[in-house]
1. Select from the range 4-23 the residues that are assigned to a loop (DSSP other than H, G, I, E, B) and touching a Ser or Thr at 6+ places or on another chain (Cβ under 7 Å) and list them in ascending order.
2. Out of the residues in the range 75-97 meeting the condition of being more than 10 Å from the ligand (Cβ to nearest atom) and in a loop (DSSP other than H, G, I, E, B), tell me which one is surrounded by the fewest Cβ atoms within 10 Å (Cβ to Cβ).
3. Looking at this structure, is Val283 over 41 Å from the mean Cα position of the chain (by Cα), outside the structural domain of Leu124 (by TED's automatic domain parsing) and over 30 Å from Ser135 (Cβ atoms)?
4. Out of the residues in the range 112-135 that are of a type in the set (A, V, I, L, M) and closer than 12 Å to Phe155 by Cβ, state the one that is surrounded by the most Cβ atoms within 10 Å (Cβ to Cβ).
5. Go through (1) part of a strand (DSSP E or B); (2) under 33 Å from the mean Cα position of the chain (by Cα) and name the single condition Glu67 misses.
6. Does Ser121 qualify as being of a type outside the set (Asp, Glu), more than 14 Å from the ligand (Cβ to nearest atom) and either in contact with a strand residue (DSSP E or B) (Cβ under 7 Å, 6 or more places away or on another chain) or part of a loop (DSSP other than H, G, I, E, B) (or both)?
7. Could you tell me which residue of the range 139-191 is nearest to Pro88 (Cα to Cα), considering only residues that are among the polar types (S, T, N, Q) and more than 12 Å from the ligand (Cβ to nearest atom)?
8. Check whether at least one residue in the range 160-167 is free of Cβ contacts under 8 Å to residues at least 40 places away in the same chain, buried (at least 19 other Cβ atoms within 10 Å of the Cβ) and more than 26 Å from Ala232 (Cβ to Cβ), and report yes or no.
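The values are calculated or read from the model by the stated rules, or taken from the named source; none is laboratory data. All values derive from a computational prediction rather than experimental measurement. For neighbour counting, all protein chains shown are included, and Cβ atoms are generated from backbone atoms with ideal geometry for every residue, glycine included.
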Amino acid sequence: MSFNNYKEKIEEGDTVILYMSNNLYAIDVHPVIKNKKGELVENVYQTTFGALKVRNIIGAEYGSRVELSKGWGHVLQPTPELWSLTLPHRTQIIYTPDISMILMQLDLVPGSVVIEAGTGSGSLTHALVRRVRPSGRVHTFDFHEHRAALAAEEFHAHGIAEFVTAKHRDVCQSGFGEELNGRADAVFLDLPSPWTGVAHAVAALKETGGRFCSFSPCIEQVQRTCLALQQAGFEDLATMEVLQSEVRVSRRTVPVRDLAFLRHKGSSCPVDEKASSTTSYAVGAWPESQPGHTGYLTVATLPPAFRREKSKKPKEVTAQANPTNGDTKATPEPMAVDGNNAEITVK
Ligand SMILES: C[S@@+](CC[C@H](N)C(=O)[O-])C[C@H]1O[C@@H](n2cnc3c(N)ncnc32)[C@H](O)[C@@H]1O
């Protein structure tokens, strides 16, 4: 229950992050657990620095040091950031740099109602909950039944179930449910085909409008999503990528030419040019290549209902003559991608 409020001491049932020598482990605080035969046995967590008897940390203060047979660690209260680094992966997950951008782009504040699909491993869901609680709510969906059930169990075990509804549903086929029509401030999609969820997002967002964001690894997914967003009347479309780059600072010694002689060149008493000296500078260098692509974030605003019709972009088609039989075939116009800010424009 340690995700809900800040706590002084570790209690049975908490999830604790064990921090050891730059490694992080999530431990569920249960003094006994079932072994493979179903028998209850002492819960002993094995690490490279020795074994930790989990019952021994019950009552310890969060942040305190715990001794192991071959070293020590610190027991930390979990945050969404630490959880993203330690959670059991059931799917690919979204990490903190992208999550921060998503929270900001969705304009989420305490009290917001946000819809998420799919739930996956619940990495983003924990951060969404922390942002919208105590008066807001997260509605999260996944079409994988077992995954949806595990996520719901985890939210319960983490003490955040009162802020999140986790449902098993194919949102591309069935939408988010009538009960959410016109209720959401924001919709976030991390699905293979987010464009198929755009119409459902329109139905779920409030009459006053709202924000949309989708996460897609491939630019082709972005292109299709942007077309669907424009056709549904979304505005302010932007696609961005969150990349971290390290500036390497080093000292460089460079030759410096003394140009003082130029001032006196035409005068009656010219000055001789001095030999170049060297000076040492601290310089910053950016990496030449930038690995670390996770995905593109496509964001957009749905305007208030009274002016949505105006901003809808009709499905643009070009008539392409078929030279063999004279038929014409409708095909969508090609799209241009601006490499700098990756904003997508439809020509
Ligand atoms: C990459 S994972 C999401 C990871 C999640 N954002 C996180 O940070 O943990 C994508 C999830 O979407 C689910 N999914 C795919 N298509 C879906 C659909 N049509 N409706 C609901 N869930 C879907 C998958 O089952 C999968 O769990």
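1. Taking the range 4-23 first, the residues assigned to a loop (DSSP other than H, G, I, E, B) are 4-8, 10-14, 21-22.
Listed by number, the list holds a single entry, Asp14.
2. Pro88
3. Values: over 41 Å from the mean Cα position of the chain (by Cα): no; outside the structural domain of Leu124 (by TED's automatic domain parsing): yes; over 30 Å from Ser135 (Cβ atoms): yes.
Considered against the rule, which asks whether it is over 41 Å from the mean Cα position of the chain (by Cα), outside the structural domain of Leu124 (by TED's automatic domain parsing) and over 30 Å from Ser135 (Cβ atoms), Val283 comes out as no.
4. To start, the set of residues in the range 112-135 that are of a type in the set (A, V, I, L, M) comprises 113-115, 117, 124, 127-129, 132.
Subsequent filtering for residues that are closer than 12 Å to Phe155 by Cβ retains 128-129.
Details: Leu128: 29, Val129: 25.
The qualifying residue surrounded by the most Cβ atoms within 10 Å (Cβ to Cβ) is Leu128.
5. Every condition holds for Glu67 apart from (2).
6. Values: of a type outside the set (Asp, Glu): yes; more than 14 Å from the ligand (Cβ to nearest atom): no; either in contact with a strand residue (DSSP E or B) (Cβ under 7 Å, 6 or more places away or on another chain) or part of a loop (DSSP other than H, G, I, E, B) (or both): yes.
Answer is no for this residue.
7. Thr165
8. Of the residues in the range 160-167, the ones free of Cβ contacts under 8 Å to residues at least 40 places away in the same chain are 161-165, 167.
Imposing the further condition that a residue be buried (at least 19 other Cβ atoms within 10 Å of the Cβ) reduces the set to 163-164.
Of the ones still in play, those that are also more than 26 Å from Ala232 (Cβ to Cβ) are 163-164.
Within the range 160-167, one or more residues are free of Cβ contacts under 8 Å to residues at least 40 places away in the same chain, buried (at least 19 other Cβ atoms within 10 Å of the Cβ) and more than 26 Å from Ala232 (Cβ to Cβ).
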